1. Just to check your reading of the model, which residue among 261, 265, 246 is small (Gly, Ala, Ser) and open to solvent by less than 30 Å² (accessible area, probe 1.4 Å)?
2. Against the definition (more than 23 Å from residue 264 (Cβ to Cβ), in contact with a Gly (Cβ under 8 Å, 6 or more places away or on another chain) and either within 16 Å of the ligand (Cβ to nearest atom) or open to solvent by 20 Å² or more (accessible area, probe 1.4 Å) (or both)), how does residue 186 come out, yes or no?
3. Inside region 113-142, can you point out the residues that are more than 14 Å from the ligand (Cβ to nearest atom) and either among the acidic types (Asp, Glu) or open to solvent by less than 50 Å² (accessible area, probe 1.4 Å) (or both)?
4. Can you name the residue in region 387-419 that is among the charged types (D, E, K, R) and closer than 24 Å to residue 234 by Cα and, of all such residues, is most open to solvent (accessible area, probe 1.4 Å)?
5. Looking at 255, 330, which is the one that is on the phi > 0 side of the Ramachandran plot and open to solvent by 40 Å² or more (accessible area, probe 1.4 Å)?
6. Looking for whichever is more than 16 Å from the ligand (Cβ to nearest atom), more than 23 Å from residue 93 (Cα to Cα) and either open to solvent by less than 20 Å² (accessible area, probe 1.4 Å) or in contact (Cβ under 8 Å) with a residue 24 or more places away in the chain (or both) here; the options are 176, 195. Which one fits?
7. Test residue 347 against the criterion of being of a type outside the set (S, T, N, Q), in contact with a Lys or Arg (Cβ under 9 Å, 6 or more places away or on another chain) and open to solvent by less than 30 Å² (accessible area, probe 1.4 Å), and give yes or no.
8. Is there any pair with a first residue in region 281-309 that is small (Gly, Ala, Ser) and a second that is assigned to a helix (DSSP H, G or I) and modelled with pLDDT of 95 or more whose Cβ atoms are under 6 Å apart and which are 6 or more apart or on different chains, and what are they?
Amino acid sequence: MTNSTKQIHLAAHFPGVNNTTVWSDPEAGSHIEFDSFRRFARTAEDAKFDFLFLAEGLRLREQNGRIYDLDVVGRPDTFAVLAALSGVTDRLGLAGTINSTFNEPYEVARQFATLDHLSGGRAAWNVVTSWDAFTGENFRRGGFLAEADRYSRAERFLRTTWLLFDSWRGDEILADKETGRFLAEPGAGAFDHHDEHFALSGHFTVPRSPQGSPVIFQAGDSDEGREFAAATADAIFSRHGTLEAGQKFYADVKGRLAKYGREPGQLKVLPAATFVLGDTDADALEQAAVVRRRQVSGQTAIKLLEQVWNRDLSAYDPDGPLPEVDPLVGEHTVARGRASVRMHRDPLATAKEWRALAEAKKLSIRDLMIEVSSRQTFVGAPETVARSINDLTQRDAADGFILVPHLTPGGLDGFARTVVPILQEWGVFRTEYAGSTLRSHLGLD
Ligand SMILES: Cc1cc2nc3c(=O)[nH]c(=O)nc-3n(C[C@H](O)[C@H](O)[C@H](O)COP(=O)(O)O)c2cc1C
């Protein structure tokens, strides 16, 4: 190993609510029961992963006016799950996605400071900025924030929580049993904060936590999102997992750091990555095709197409050609609460592109949806996958990956058993945790 060899960061994304999670597999278990979380976390910790990651969905998705139940439905509360996991793990970082629009800084700061205490310094917060009125209807304030304002609120929100975390220095608790004095300083935790989004004052209830504040993740991809990450985050959860797109994203976000007085090493870039392993590369390729067909059933293909077409397409045959009608442009009424809707802002252009692709390759609706929605990042025998992960990391397309298995809770087992030892043998992934905090695993100390 040379001095310039980067150490790879690996994290485990608990499979979530979209069609990459194959809930119908005979080996799939619950995504709600604690035993699934415990098994998944233990596998990640035994493999010396940096952290476990929980995404978040604040409203059940709907399609054609019904709860969308082709994917798993339901997600328990992030803090409760991570707090419970802190009791059955020792070193694994615990990262939770918590929205900065529909929450309030005092509560979120209190929850993360508590999680950081309970876990001995392993908490991380993925700050997401979903703002839509559909999600907001679940909350007391509805759709109160314009899209253009969500990063300004996020930035103020984060800075307010930092103020709360810093309201305790860490040396205030005396707990002198002889004299009966508990605090060395009676003003501990005092804060008084006013900005255009928040006005709060008082004393913060949680004394300074082991990391001082949770590790901060960011996940939005817009220019504003990237700027927010460059100014405030310790790591980015990105969707750019290929060499070219990854290198471009990596250079872009790291290039934004200098103006905030930060160094490239202070912001880790961690793309989401799915994987399919096999005994040989050919075997893995075959299995990957099977997984894709399970992820995109005929019904799922129609529903995915409806999300772009913005029409009821239930009368169409998934094994037949694309609809002859065009997408309905305008207000989106068919699918609600889905990020994919925002990814196709020009549905007519998407339809044109897909029609050309379907015609050129003679694809049915289902085949096409399998092709255009595939995000299989790593497919191969363990050594092939290990080589790709290392190559992408060393060539600055990433600092590591957040792995998203397609099975709960056993989807990480094969990776932990076969790929991790290869990376360890090459000296690019830890064999033991060096420290006890997540900041230390990520080299952010
Ligand atoms: C890889 C990735 C993962 C995300 N995960 C979540 C999530 O779990 N929950 C959520 O509410 N939003 C999630 N988001 C949405 C972002 O927080 C943000 O609202 C969205 O990307 C739009 O922001 P942008 O305009 O900066 O891209 C995710 C975004 C990305 C790119």
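The values are calculated or read from the model by the stated rules, or taken from the named source; none is laboratory data. All values derive from a computational prediction rather than experimental measurement. Note that we place each Cβ from the backbone using ideal geometry, even for glycine, and neighbour counts take in every protein chain shown. Accessible surface is based on the protein model in full, side chains and every heavy atom, while ligands, DNA and RNA are left aside. Shrake-Rupley method; radii C 1.70, N 1.55, O 1.52, S 1.80 Å.
1. Working: 261 fails: open to solvent by less than 30 Å² (accessible area, probe 1.4 Å); 265 fails: open to solvent by less than 30 Å² (accessible area, probe 1.4 Å).
Going through 261, 265, 246 in turn, just one is small (Gly, Ala, Ser) and open to solvent by less than 30 Å² (accessible area, probe 1.4 Å): 246.
2. Details: more than 23 Å from residue 264 (Cβ to Cβ): yes; in contact with a Gly (Cβ under 8 Å, 6 or more places away or on another chain): no; either within 16 Å of the ligand (Cβ to nearest atom) or open to solvent by 20 Å² or more (accessible area, probe 1.4 Å) (or both): yes.
Taking the combined requirement at face value, the residue does not satisfy it.
3. The answer is 113, 115, 116, 119, 120, 121, 122, 123, 137, 142.
4. Quick first cut of region 387-419, residues among the charged types (D, E, K, R) only: 387, 391, 395-396, 399, 413, 417.
Restricting the remaining residues to those that are closer than 24 Å to residue 234 by Cα gives 391, 395-396, 399.
Working: 391: 69, 395: 117, 396: 64, 399: 12 Å².
Among those that are among the charged types (D, E, K, R) and closer than 24 Å to residue 234 by Cα, it is 395.
5. Working: 255 fails: on the phi > 0 side of the Ramachandran plot.
Step by step, each of 255, 330 is checked, and only 330 is on the phi > 0 side of the Ramachandran plot and open to solvent by 40 Å² or more (accessible area, probe 1.4 Å).
6. Working: 176 fails: either open to solvent by less than 20 Å² (accessible area, probe 1.4 Å) or in contact (Cβ under 8 Å) with a residue 24 or more places away in the chain (or both).
Sole residue among the options that is more than 16 Å from the ligand (Cβ to nearest atom), more than 23 Å from residue 93 (Cα to Cα) and either open to solvent by less than 20 Å² (accessible area, probe 1.4 Å) or in contact (Cβ under 8 Å) with a residue 24 or more places away in the chain (or both): 195.
7. Values: of a type outside the set (S, T, N, Q): yes; in contact with a Lys or Arg (Cβ under 9 Å, 6 or more places away or on another chain): no; open to solvent by less than 30 Å² (accessible area, probe 1.4 Å): yes.
So residue 347 does not fit the description; no.
8. That search, which allows pairs on different chains as well, returns 298/366; 301/365; 301/366; 301/369.
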